[in-house]
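Trainee: One structure follows; several queries about it will come next.
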Amino acid sequence: MTKKRFFANHSKSSALVVSLAIHAVLLVVAISFVAVKVIIKPEPDFVAKKVKRPKMPPKKLQVPVDVKKRKPKPRLRKRIVSKPKNFTDIKMPEITGVKGGLGNMGGDGLGSLGFDLDIGDLFGSNKSMGNELTGTFFDLKQTKDGKPIKMSDGNYMAALNRFAKSWDIDRLNDYFKAPKEKYTSFFLIPKISANAAPKAYGVDGIVKPKHWAAYYTGHISPPETGHYRFCGIGDNVLLVRVRGRLVIDASYHRQMGKITNWRSDDENSRKYPLAKDQMVIGDWFRLTKGEPSEIEVLLGECPGGEFSCQLLIEQKGKEYKQVPYTYKEESGTRPVLPIFRTKEIPAKLVGQMKINPNEATLEGPTFGVVE
């Protein structure tokens, strides 16, 4: 039997079967939906009961906070200015170590403006202002402990002779030394009491005005490179050494040859009048601009009474004012030389120097060392 004939003979039975199959599928779907709905239950929604809590006051934050403080505005101060009755009553504070020296301002330095500065005396000031030579005072009549030494003029010259052989300061340190030092920029002292030196060094009460020595040392530099020589006279002792070499012994003629064996090789030495004596002409030596050279100066007084010294400087090749002179039966002209100095000399001291314009002049160079 063919398939078509089978469905034709059983058409009602087939429709019933299809209908039952459809209803069966629907029934299964319905049961599944109900089962899922029953199994998957919604989660319960729990609501918490309200609990009353005590209210606490808020606490301040305890963590340190870097807060920049504002600087208070400066308060303006009222400035009261009063005019002094006398400008010269104003005193400047102590000033030391000024290179070039305040004397380079001319005149009395700041003293010319009314300020009271320590310009010192003819042996130097008590404070260094720069560009001076430092002086130390010795009394050859006493030991360094103040014990007396029997001293004659001959013994005095012999003691200086021993020193001049080496210029070893230890040879003078065995004698009494003044406790303070002096600072000078020149060596031009007219005839004054021999007691002026002990007084200047503050030992006039314990040192008699004779058989003393003052040793000065420092550095100099010329305003221009060239050959120079010292000229001068000392009553009684004036010696100068440059870079370890003795360049002049201008001691009084009566002491000539007693301290050193130095002799001038200039034929005009001890011919030109100077400080009521005759000027000694020293040896030439070379100085270089900007190059400091050590200098040592020794002053001394032998019998007492009066002391004086003059130290001038001459540069080779320079022309100087000429003035007439007479020496014994000889006459002619001689130069007026500049005063040796390491800076400008205060006007107050210039007046005390009693400069003879036919012998010396302040119109010349300075030999200070400027660092």
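Read the figures in this text as sums done on the coordinates, not as results from a lab. Predicted, not measured: the structure shown is a model, and the values here were computed from it. A quick note on method: Cβ atoms are made from the backbone with ideal geometry, for glycine too, and the neighbour counts reach across all protein chains shown.
Trainee: Would you mind estimating how fast the stretch 87-361 diffuses translationally, via Stokes-Einstein at 10 °C and 1.306 mPa s with the Kirkwood radius over Cα pairs, in µm²/s?
Mentor: Rounded to a whole number, D works out at 82 µm²/s.
Trainee: Something else: Find the centroid of the Cα atoms in the stretch 263-310 and in the stretch 242-258, then give the distance between the two in whole Å.
Mentor: The two parts, judged by their Cα centres, are 7 Å apart.
Trainee: Take the Cβ-Cβ distance between Ser193 and Met256 as r, set R0 to 30 Å, and report the resulting FRET efficiency rounded to the nearest 0.05.
Mentor: Efficiency at R0 = 30 Å is approximately 0.80.
Trainee: Hey, another quick one. For Tyr252, list long-range residues whose amide hydrogen, built 1.01 Å from N in the peptide plane, is under 5 Å from its own amide hydrogen.
Mentor: Correct list: Gly234, Val237, Leu238.
Trainee: Provide Glu267, Glu363 in ascending order of the number of other Cβ atoms located within 10 Å of each residue's Cβ, fewest first.
Mentor: Glu267, Glu363
Trainee: So, one more: Neighbouring Cβ atoms within 10 Å as the yardstick, rank Tyr215, Tyr320, Tyr201 fewest first.
Mentor: Sorted ascending by nearby Cβ count, the order is Tyr320, Tyr215, Tyr201.
Trainee: Order of Asp265, Asp277, Asp249 from fewest to most other C-beta atoms within 10 Å?
Mentor: Ascending number of Cβ neighbours within 10 Å: Asp265, Asp277, Asp249.
Trainee: At what distance in nm do the modelled label points of Thr217 and Gln352 sit from each other, each positioned 7 Å from its Cα along Cα→Cβ?
Mentor: 2.6 nm
Trainee: May I pose another question? By how many nm would the segment from Arg162 to Gln322 lengthen if fully extended, with 0.36 nm per residue of separation less the alpha-carbon distance?
Mentor: Full extension from Arg162 to Gln322 adds 53.7 nm.
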